[in-house]
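Report on one structure; see the data block that follows.
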Amino acid sequence: MDRLRGEFIDIIEWTDDSRDTIVWRYPRYENEIKMGAKLIVRESQVAVFVNMGRIADVFVPGMYELQTGNLPILSTLQGWKYGFHSPFKAEVYFVTTRQFTDMKWGTQNPVTVRDPEFGMVRLRAFGGYAVRVTDPARLLTELAGTDPMFRTEEVEEYLRQLIVGRLGALLGNSGIPMLDLAARQTELGDGLGRALTEELAASHGISVPKFVIENISLPAEVEQAIDARSRMGIIGNVDNYARLQAADAIRDAANNPGGAGEGVGLGLGMAVGQQMAQAFAPQSQQPYAPAAPAPAAPAPGGAVVPPPLPGQQQYQWYVAVDGQQQGPYDHATFTGHIGSGAVRPGMLAWRDGMAAWQPVEQVPELAQHFRATPPPLPPQA
C-alpha cells in the first residue's frame, strides 16, 4: 500500500527560494495527481494546469482540494462524468506575480536626436525598471512555453531591445531641449513605462509598473563644449575670456622652459600687452592705422573748417621673434613691450618707411627707450 500510495501526488506547492524565477513547473514526472489532493498557492503566485498541451484551469492564491468541481475545464478535457474520482495527469506551472525590481537597461550605441538649440546630438542613457506578470496564461503561451524554469535573464535582453527602440522615438518626439532632460527624467520614465505596458500586456501578459531613467549623457567632446560655454557665461565677456586663455597659455609656457616655450610665451605676452594697451592707452593712440579723416563741418558763416590734424607717430611696428614675424603693433603698444622687456636689444624691428629690418636699439624713434644702465656698485667696505 505504501508503494502504491507513493505513485500519487497528495500535495502540490512551491516555495520559491530564488529572486529571479518567473515560471516553475512542478516536477511531476510519471506520477499521477490523486483526485482530492491539496493544492497550495501562496501570495504572489498563480498555479496553471496544462493538459495535453492546452491551458486548463488557473488558481489564484489559496488552498484547494482538487475535485472535478474545482477543475471545470480539466474535467471537460478529460471527459469525466458523474463526478468520476480517479487519478489524473496534468502539468502544473507556478507563475510568480510579484514585481521583479532588479531589471537593468542601457543603450549600447548612442541614440541620435535633433535638439532645438544644439542641432543633432547623440545621447546615451541607462536606468532600471520593474516587471510583473499580469496574464499568466498568455505568458506561458507566448514566452515561457514548456520551459521548466523560466528566469528573468531569458526575457531581459528582449525587453532591453524593446526599451532602446522606444527610447529614441520618445526623446525625438518629446520636444524637450537637451539641457532640460535631467529635470524631466521622471516624466520621461513614466511615459515610457506606460507605453511599454500597453504593448507588453496585450502581447505577452507583462506590465512595467515602474521605469526609471538614471542618467542621460552626451559624448565627451560635447560635454567639453558645454563646459567651455558655461565658463564664458560665468565670465560674462568674450574679451576677458580670451585674456584668461592667453594668461593660462603664458603660465603653461613658463612651466615648459626652452626655445619653443619662450617663443610662444613671448608672442602671447605681446598679444596680451597689446590688448591691455588698447584698453588703457589714450584714444588717439589706440588704432593700428590712421583713422579716416572726419568730414569737414560748415562754420556758422558758411566757411568750411578743416578737420583736426591726425595724431603723430601712427606707425605699425613689426618685430622678429625666433625667426617669426610678430605684429603689427601701434607705436604706444610697441614701446610698452620695450618697457616690459618683451622686446629686447638685438631684436629686429621694421615699420613702414624703413628700407630694411634694423636692431630695435638702432632705430632713431626707439633709441631713447634703450638708455644705458649703470653697472652694479662695487662691494662696499
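Hey, got the dipole for segment 23-126? About the Cα centre, +1 on K and R Cβ, -1 on D and E Cβ, debye to the nearest 20? Approximately 140 debye in magnitude. Extension gain for ASN255 to THR112 (0.36 nm times residue separation, less C-alpha to C-alpha distance): 47.3 nm. Accessible surface for SER44 stands near 50 Å², nearest 10, in the context of the full protein assembly shown (1.4 Å probe). Counting heavy atoms of the protein chains alone, ASP57 has an accessible area of about 10 Å² for a 1.4 Å probe. Between GLU157 and THR186, the distance separating the two model label sites (each 7 Å from Cα on the Cα→Cβ line) works out to 3.6 nm. Of the listed residues TYR93, TYR315, TYR26, TYR158, the order by accessible area with a 1.4 Å probe, largest first, is TYR158, TYR315, TYR26, TYR93.
Once the C-beta distance of GLU221 and THR97 is scaled by a Förster radius of 45 Å, the resulting FRET efficiency is 0.45 to the nearest 0.05. In the context of the full set of protein chains, segment 53-156 has a per residue accessible area of 54 Å² (1.4 Å probe).
Could you grab the relative contact order for segment 111-222? Cα pairs under 8 Å, six or more apart, rounded to a whole percent.
Dividing the mean separation by the residue count of segment 111-222 yields 47 percent.
Computed extension gain for GLN368 through ASP322, at 0.36 nm per residue and net of the alpha carbon distance, reaches 14.1 nm. Per-residue surface analysis assigns ILE73 an accessible area of about 80 Å², computed on protein heavy atoms at 1.4 Å probe radius.
The values are calculated or read from the model by the stated rules, or taken from the named source; none is laboratory data. The shown structure was predicted, so the numbers you read here are calculated from the model rather than taken from an experiment. For neighbour counting, all protein chains shown are included, and Cβ atoms are generated from backbone atoms with ideal geometry for every residue, glycine included. These accessible areas exclude ligands, DNA and RNA; they are computed on the full protein's heavy atoms, side chains included. Shrake-Rupley method; radii C 1.70, N 1.55, O 1.52, S 1.80 Å.
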